[in-house]
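Contents: one structure, followed by commentary.
Bear in mind that the values in this text are calculations on the coordinates, not laboratory data. Owing to the predicted nature of the structure, the values given are computational and were not obtained by experimental measurement. Methodologically, a virtual Cβ is constructed for each residue, glycine included, from the backbone with ideal geometry; neighbour enumeration extends over all protein chains shown.
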Amino acid sequence: KEYQKKSNNSNKIELAWNGGYILNGELVGKLGLPETYIGSPLGLLIMENKVFCPPLFNKPAFIIYKDGKIDIRKVNSSSGFKIKGKKEEIVFKPDNYNKHSFSEACYYDLSYTHEEIKGDGNFIIRIAGNTVKQIIPTNSNENIKIIPVGITLSIPANLFSDIIFREGKDLNIDLLEPEKDPYRWNDISYAIEAGPMLIENDKLAVNMEEEGWKTSNSIKTQAARLDFTDMRGPKIAMGITKKGKLIVLMVNGRIRESVGATHFDMADILLKYGIHKAMGFDPGGSSTLVVDGKIMNISPYNKNYEEDIYSLPPEPRFVANAVMAWIEDEQLFTSPSTSPSPS
């Protein structure tokens, strides 16, 4: 309802579900970070062709291209990116991915496995989403502790620009293409990283190690636990068929009527519906499915749960982002059947 009030979209929202992982207030407190980090995305976020957060792990993203086609692909920042100012730009090359350089700009994502990175006279810049949170000048032989949020940049002093980089400033980020199997970043209208990948090429594809769920940075943000694949609870997932049709699956959990599902359970169900690719979104109390304006699931969440852990009624949980879809005029589509147009 808020979205339709604020936007010029006159289409009725037919379908909506919660999106990717974010840094909530509780985690910010546990990590000892300033409150300004609350709400920071923990993965790729593109809206209207603008990068609001680069990929942070190697997890799947739901991608919507400008031509209306949709896809699910694992995304990462290993191919590098550019950060552009009005008159200058700094290129972060793939050769300097998760690796220190004295002469070129380098960068670290959340797949980096060490507790510290080299400073050695470089400027260390901590970014959450696309916003500069902290700029740290370093001395020779000085190391800096890495935090499990966002991209960390390391720029030699002679390349550092105090015009591009200022605390609190949003950056203009252009993601670079891999040499093989390009993402077509410039053709993407919307994308959101979540995960895990459930199905790829019609087969079960859950691989928590490859996606980076079990790294220390992922565990610190509680985006995953070591027993994540075995843990039952509320789950939500989205899949697409080979013909590009979209399906959303929601399973209740942590309530008397339903213990919930594992990621393997979700994949098994979706495979029975002929799904070609599928991925999970933020599970647990954040899992929310809305159809025709009605919440379809029963949330196990209540913000006052400590008052009575047994009998408080469920209530929807606040989420930082959501995917919304509507049916457009079928004449706009080349296929004979209408298809949902997500945003």
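So how tilted is helix 263-272 from the main axis of the chain? Cα-based, degrees 0 to 90, rounded to 10. For 263-272 against the chain, the angle is about 50 degrees. For segment 212-326, what does the relative contact order come out to in percent, with C-alpha contacts under 8 Å and a separation of six or more? Worked out over segment 212-326, it gives 22 percent.
Each Lys and Arg adds +1 at its Cβ and each Asp and Glu adds -1 at its Cβ; summed about the Cα centre, segment 1-108 shows a dipole of about 240 debye. Based on alpha carbons, the Rg and Dmax found for the chain are 20.7, 65 Å. Counting 0.36 nm for each residue step from residue 26 to residue 242 and taking away their Cα separation leaves a gain of 73.7 nm. With 10 Å bins beginning at zero, the pair-distance distribution over Cα atoms of segment 64-172 amounts to 14, 46, 29, 9, 2, 0 %.
Inter-part distance, segment 1-38 to segment 250-295, computed on C-alpha centroids, equals 19 Å. In sequence order, segment 71-83 has phi-based couplings of 7, 10, 9, 6, 10, 8, 9, 5, 8, x, 6, 10, 10 Hz under the Karplus curve 6.51 cos²θ - 1.76 cosθ + 1.60, θ = phi - 60°, and Gly or Pro positions carry x. The mean sequence distance of close C-alpha pairs (under 8 Å, at least 6 residues apart), as a share of the length of the chain, puts its relative contact order at 20 percent. A DSSP coil position with no more than 10 other Cβ atoms inside 10 Å describes the following trypsin sites (Lys or Arg not before Pro) in segment 227-265: 243, 256. Using θ = phi - 60° in the Karplus curve 6.51 cos²θ - 1.76 cosθ + 1.60, the 3J(HN,Hα) couplings for segment 143-155 round to 10, 10, 5, 8, 10, x, 9, x, 7, 10, 9, 9, 10 Hz; x is entered for Gly and Pro. Dividing the mean sequence gap of close Cα pairs (under 8 Å, 6+ apart) by how many residues segment 31-170 holds gives a relative contact order of 21 percent.
Summarising the amide proton neighbourhood of residue 122: residues at separation of 5 or more, or on other chains, whose placed amide H is nearer than 5 Å comprise 138. On the principal axes of its alpha-carbon atoms, segment 142-183 has extents of 37, 25, 22 Å, going from largest to smallest.
For segment 1-109, the list of chymotrypsin sites (Phe, Trp or Tyr not before Pro) that fall in a loop by DSSP and count at most 13 other C-beta atoms within 10 angstrom reads 102.
Computed from backbone phi, the HN-Hα couplings of segment 282-292 come to 3, x, x, x, 6, 4, 9, 10, 10, 10, 6 Hz, rounded to whole numbers (Karplus: 6.51 cos²θ - 1.76 cosθ + 1.60, θ = phi - 60°; Gly and Pro given as x).
In this structure, the amide hydrogen of residue 19, modeled 1.01 Å from its nitrogen in the peptide plane, lies closer than 5 angstrom to those of 321, 322, 323, counting only residues at least 5 positions away or on a different chain.
Extents of segment 198-297, taken as max minus min of Cα coordinates on every principal axis and listed largest first, are 37, 34, 21 Å. For residue 91 and residue 141, the FRET efficiency from 1/(1 + (r/R0)^6), where r spans their Cβ atoms and R0 equals 25 Å, is about 0.40. Report note on the peptides 261-268, 121-128, 39-46: ranked by the mean count of other C-beta atoms within 10 Å, highest first, their order is 39-46, 121-128, 261-268. A straight Cα-to-Cα reach below 16 Å connects residue 1 with the lysines 12, 294, residues fewer than 8 places away in its own chain not being considered. Put simply, the C-alpha atoms of segment 1-99 give a gyration tensor, and the ellipsoid matching it has half-axes of 27, 22, 16 Å, longest first. Annotation note: GluC sites (Glu not before Pro) in segment 1-106 located in DSSP loop regions with a Cβ neighbour count of at most 11 within 10 Å are 48, 88.
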